[in-house]
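First the structure, in the form of structure tokens, and then the observations on it.
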Amino acid sequence: MKRGIDVSYHNGVIDWNKVKKSGIEFAMIRTGYGISSPNQVDKKFHENIEGAINAGIDVGVYHYSYAISPLDASREASFCLDIIKDYKLTYPVAYDIEDPSIAKYTKQEKTDMCKSFCDKIEMNGYYAMIYCNKNWINNHLHAHEILPYYDLWLAQWGADKPDVACGIWQKSDSGKIDGINGNVDINVSFKDYREIIKSKGLNKWDIQEDDSQKENTTNEKATQGIEYIVKEGDSLWAISEKYYGTGTNWGLILQHNNLATSTIYPGQVLKIPKQ
């Protein structure tokens, strides 16, 4: 297990060297919120991520959602990707779904938002995960459509251990850490994300391989894109909309996978070609 924190501009000026010396091994840092706008980048994001990296702390990020549809969530993912484009992350990119304004949507709509955000993140070569609290994963989302495919960052404060299996557990919102004024969220990571991410060549890390292997891998990725596991309720039109921003490109997926018809089934693996 590794000990970590998550921060945003609300935590003020952070002395990351003191944070490191206090035993913190990783930090999840807020990129911003909503869809693309200069005013919606977290005011301390660049300062925080550069400070944490320079102090030798592993870093991941989270993006706070105000999405009203899966397409909106995909746009938020694009905004998040633009914010992090200059950094190599050693922890996941998390979709933070918790805002009360989203609670009014159906379970399926909210679940599809999660999938849309994470699919866009993964299509661009990053490790995606979902952040929410115990109430949301149990009562607002179809957990069976999320947990088999994406890691969970679970907020459950004051418990001895998390009640839901998760990759990261946010165990407290009132931690005290040297280098940070006031309370800060305390987290525990149950996975060695740094090793997982680097070994798979995600988050802008290159897999250590010789030039011929690298060339073959690059050519294969350019040809094949990524693999997508079909989920309940999916259609080629909807999958095309997630990855290309329009459903009209569904024929590309049909042709690339040598499908005789547009009928697809849960659990089926599709290769999504890059345009």
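The values are calculated or read from the model by the stated rules, or taken from the named source; none is laboratory data. These figures come from a predicted structure and were not determined experimentally. We place every Cβ from the backbone using ideal geometry, glycine too, and count neighbours over all the protein chains shown. Side chains are part of the model used for accessible areas, which takes the heavy atoms of the whole protein and leaves out ligands, DNA and RNA. Shrake-Rupley method; radii C 1.70, N 1.55, O 1.52, S 1.80 Å.
Some observations on this one:
- On a per residue basis, the convex hull of the C-alpha atoms belonging to region 152-193 measures out at 77 Å³.
- Förster radius 35 Å - calculated FRET efficiency between LYS191 and SER235, Cβ distance, rounded to 0.05: 0.60
- A Förster radius of 35 Å, combined with the Cβ-Cβ distance separating SER174 from SER37, puts the computed FRET efficiency at roughly 0.65.
- What the Cα convex hull of region 103-168 gives, in volume per residue, is 80 Å³.
- Local electrostatic count at GLY233 - Lys and Arg +1, Asp and Glu -1, tallied over other residues with Cβ under 15 Å: -2
- Take region 33-184 with all the other protein chains still there, run a 1.4 Å probe, and you get 41 Å² of accessible area per residue.
- Spacing of the modelled spin labels on ASN257 and ASP206, each 7 Å from Cα toward Cβ, amounts to 3.3 nm.
- With the simple model of a label 7 Å out from the Cα in the direction of the Cβ, LYS107 to THR248 spans 3.6 nm.
- Using a simple spin-label model with pseudo-atoms 7 Å out from Cα toward Cβ, ASN138 and SER199 lie 3.3 nm apart.
- Residue-level accessible surface for HIS10, protein heavy atoms, 1.4 Å, Å²: 130
- Computed with every protein chain present, the accessible area of LYS204 is close to 100 Å² [probe 1.4 Å].
- Range of Cα positions in region 1-90 per principal axis (Å), largest first: 42, 27, 22
- The angle separating the long axis of helix 70-84 from the principal Cα axis of greatest extent in the chain is about 50 degrees.
- Kirkwood Rh, Cα atoms: Rg over Rh of region 69-135: 0.97
- Checking the cross-link pairs LYS107/LYS198; LYS43/LYS242; LYS18/LYS242; LYS18/LYS104; LYS43/LYS274 against a 31 Å limit on the alpha carbon distance flags LYS107/LYS198; LYS18/LYS242; LYS18/LYS104; LYS43/LYS274 as lying beyond it.
- Percent antiparallel among DSSP beta bridges (both partners in region 91-160, rounded to 5): 0
- Assuming charge only on the beta carbon of Lys and Arg (+1) and of Asp and Glu (-1), the dipole of the chain about its Cα centre is about 280 debye to the nearest 20.
- Label corresponding to log10 I(q)/I(0) by the Debye sum over Cα atoms at q = 0.07 Å⁻¹ when calculated from the structure given, among (1) -0.32; (2) -0.22; (3) -0.26: (3)
- SER36, SER101, ranked by accessible area, largest first (probe 1.4 Å): SER36, SER101
- The chain: calculated mean residue ellipticity at 222 nm from DSSP helix runs of at least 4, using -39500 (n - 2.57): -9500 deg cm²/dmol
- Residue-by-residue Karplus 3J(HN,Hα) for region 252-263, coefficients 6.51, -1.76, 1.60, Hz, glycine and proline x: 4, 5, 4, 5, 5, 9, 6, 7, 7, 9, 8, 6
- Semi-axes of the equivalent ellipsoid for region 60-186, computed as √(5λ) from the eigenvalues of its C-alpha gyration tensor and ordered from largest down, come to 22, 19, 13 Å.
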